[in-house]
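Asker: First the structure, then my questions, so here it is.
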Amino acid sequence: MKVALLEIKNPGDSKDFNGGFGTTFEIGRSYKSKILAFVRRNLEKNPTLSYAYISAIFKKYGHKVDYYENKLPNLKGYDLCLMHVSLIRHNEETKLISALKEKKQCRIGVYGPLATVQPELFYRSDLVIIGEPEEAIINMAKSGIIKRGRINSQPINDLDQLPFPDWSIFLLKDFSLSPLISAKPAIFVHASRGCPYGCNYCPYKVFGTYRQRKPENVVKELKHLKEKYHIKSFYFRDPTFSIGEKRIEELANLIIKEKLNLKWGCETRVDLLTAPLLKLLYSSGLRCVKLGVESTDHQLLNSYGRKPPQIKKQEEIVKFCKKTGIKVVAFYIIGIPNDTRESILSTIKYSHKLNTSFANFTICTPIPGTYFYNNIKGKIFEKNLNKFDNFHVVFNHKHLSKEEIYSLQEKAITSYYFRVRYIGRYLLDKLAERE
């Protein structure tokens, strides 16, 4: 079997984030915000991990795989073309599917969380994989049979049984985690999938339950990545990396024991971190951690199933990370239902106080398949799915107009990054990197 993996991707896009629905970076209209957007889009470039897993599975069973990005390839001679479809590039992806169908060269298939929760959007495709794609891909690769229609694919419970992702389909030298970690090439690694927490706006529950890999298997993959692909850094693409302190300690100790000498980052919750754990993780190569702060209005967050850590705990962890040499990216959400101008300004003020290495201010976006989306569906006015990217207003807000939310988001971002205190902090971080 000959398989083509096809992806539509703009600078700044990441299909792995936002639960696999994708996110990009679109902010403001001022020259300041345009500068920030340009820098962000041109520094960081991420691969899409699902393509690497799918390629590895097909190749394991003797099939040929090619990857194409941002082009309409000649698919003559191919048996199957697969696309990870997203919210952020939905319009472009469906147009490409239509163009490929007109050529009638091979079967066209789609997968991803959007295909799972709204398969009817992809009626022109020959097949739509419902669920995490690996089980369906394994069955296809083993049998050599490409089914049509909607194909149910159950989550893989034992993640250690999956082959290591095949990164040879990409130009690895282009992948970078900069400015978080400058060492490259850099790629993504899964140490777990899913999230056990109950935030009702979170898209990570669309695909299966929470599952972990054994630390030994993760380190085996890291050794493989270093030896075969000569990676210099990586990012754990787990929604909540540090669940299970003993397991994470074991993983860190194994990385140290193997002397991998790789820099890495992760995303987790503040209340799953302690000073001793961070110290150990730093010794194993941790140089960046992303943390969800979201809002200073904890009552508001509680109403959406989010249980935020106490302010004191947040400040202690951020302070320790700064002292240790770990960059912190803080996530904030603008325009949660019942947010007011005052509550958002309070969050902006608090972000300045934390003064983390980077801060990300997204606009509250209901993602299809989540409880939040279903609950607020009647207030959604936006029909263009490309705008469900966490940087556009898509539903009618109780207290704020569309323009007010955009204005507050731009204020949050530009007032954060164009402060003397922040610029000083950024320069200190850069100097510390060189030491």
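Asker: Would you please give the residues with an amide H less than 5 Å from that of TYR235, counting only those at least 5 places away or on a separate chain, with H modeled from the backbone geometry?
Answerer: ILE187, PHE188, VAL189, GLY265
Asker: For labels at HIS230 and GLN161 in the simple 7 Å Cα→Cβ model, what's the distance in nm?
Answerer: With each label placed 7 Å out from Cα toward Cβ, I get 3.6 nm.
Asker: Charges at C-beta only: +1 for Lys and Arg, -1 for Asp and Glu. How large is the resulting dipole of the chain about its Cα centre, in Debye rounded to 20? Can you show the working numbers first?
Answerer: Details: 70 positive and 44 negative charges, 130 e Å.
Using Cβ point charges on Lys, Arg, Asp and Glu, the chain gives about 620 debye.
Asker: If I stretch the segment between LYS101 and ARG124 completely, what's the gain in nm (0.36 nm per residue apart, minus their alpha carbon distance), one decimal?
Answerer: Gain on stretching LYS101 to ARG124: 7.5 nm.
Asker: Rounded to the nearest 0.05, what FRET efficiency do THR340 and TYR197 have when you use their Cβ-Cβ distance and R0 = 25 Å?
Answerer: Once rounded, the FRET efficiency stands at 0.45.
Asker: Right, here's the next one. Give the list, by residue number, of cysteines in the chain with no other Cys Cβ closer than 4.7 Å, or say none.
Answerer: CYS81, CYS106, CYS195, CYS266, CYS288, CYS321, CYS364, each lacking another Cys Cβ under 4.7 Å.
Asker: Classify the range 1-76 as rounded, prolate or oblate from the Cα gyration tensor: take a ≥ b ≥ c as the square roots of its eigenvalues, call it rounded if a/c is under 1.5, otherwise prolate when a/b beats b/c and oblate if not. Please list the in-between numbers first.
Answerer: Values: a/c = 3.69, a/b = 2.41, b/c = 1.53.
Prolate is the answer for the range 1-76, as a/c is 1.5 or above and a/b outweighs b/c.
Asker: Which whole-Hz couplings ³J(HN,Hα) result when phi for each residue of the range 291-298 is put into the Karplus expression 6.51 cos²θ - 1.76 cosθ + 1.60, θ = phi - 60°, listed in order with x for Gly and Pro?
Answerer: 10, x, 8, 6, 7, 7, 8, 5
Asker: Also: Calculate the spin-label point distance for ILE145 paired with SER401, positioning each point 7 Å from the Cα along the beta-carbon direction, and give it in nanometres.
Answerer: The modelled label-to-label distance comes out at 6.0 nm.
Asker: Where does each of 286-294, 54-62, 368-376 land if you order them by average Cβ count within 10 Å, highest first?
Answerer: 286-294, 54-62, 368-376
Asker: Output the peptides 23-32, 413-422 sorted from most to least packed, where packing is the average of other Cβ atoms within 10 Å over each peptide's residues. It would help to have the intermediate numbers written out before the result.
Answerer: Working: 23-32: 17.4, 413-422: 15.8.
So the peptides 23-32, 413-422, ranked by packing, come out 23-32, 413-422.
Asker: Stretched out fully, how many nm does the piece from ARG211 to LEU427 gain, at 0.36 nm a residue minus the Cα gap? Before the final figure, lay out the partial values.
Answerer: On the way: separation 216, 0.36 × 216 = 77.76 nm, distance 3.90 nm.
Stretched fully, the ARG211-LEU427 segment lengthens by 73.9 nm.
Asker: In whole angstrom, how far apart do the alpha carbon centroids of the range 118-166 and the range 49-87 sit?
Answerer: Distance between centres, Cα-based: 12 Å.
Asker: Let a ≥ b ≥ c be the square roots of the eigenvalues of the Cα gyration tensor of the chain; is it rounded (a/c under 1.5), or, if not, prolate (a/b larger than b/c) or oblate? Could the numbers behind the result be given before it?
Answerer: Details: a/c = 1.70, a/b = 1.23, b/c = 1.38.
Note, shape of the chain comes out oblate.
Asker: Once you have a ≥ b ≥ c as the square roots of the Cα gyration tensor eigenvalues for the range 171-228, tell me rounded if a/c is under 1.5, and otherwise prolate or oblate according to whether a/b is larger than b/c.
Answerer: Oblate is the answer for the range 171-228, as a/c is 1.5 or above yet b/c matches or exceeds a/b.
Asker: Report, in whole Å, the centroid distance computed from the Cα atoms of the range 1-30 and the range 365-400.
Answerer: 19 Å
Asker: With contacts defined as alpha carbon pairs under 8 Å and 6 or more residues apart, what's the relative contact order of the range 222-381 in percent?
Answerer: Answer for the range 222-381 is 19 percent.
Asker: Relative contact order of the chain: what whole-number percent is it, with Cα pairs under 8 angstrom and at least 6 residues apart?
Answerer: Once normalised by length, the contact order is 14 percent.
Asker: Fewest first, what order do LYS411, LYS15 take by the number of other Cβ atoms within 10 Å?
Answerer: Ranked by crowding around the Cβ, least crowded first: LYS411, LYS15.
Asker: Amide H of LEU286 versus every other amide H placed in the peptide plane: which residues, excluding those fewer than 5 positions away on the same chain, fall under 5 Å?
Answerer: Close amide H contacts, sequence-distant or interchain: TRP264.
Asker: Around LEU5, which amide H atoms from residues at least 5 apart in sequence, or from another chain, sit under 5 Å from its own amide H, with H modelled in the peptide plane?
Answerer: ASP66, TYR67, TYR68, LEU82
Bear in mind that the values in this text are calculations on the coordinates, not laboratory data. These numbers come from a predicted model, not from an experiment. Because the Cβ atoms are built from the backbone with ideal geometry, glycine has one as well, and the counts that use them run over all protein chains shown.
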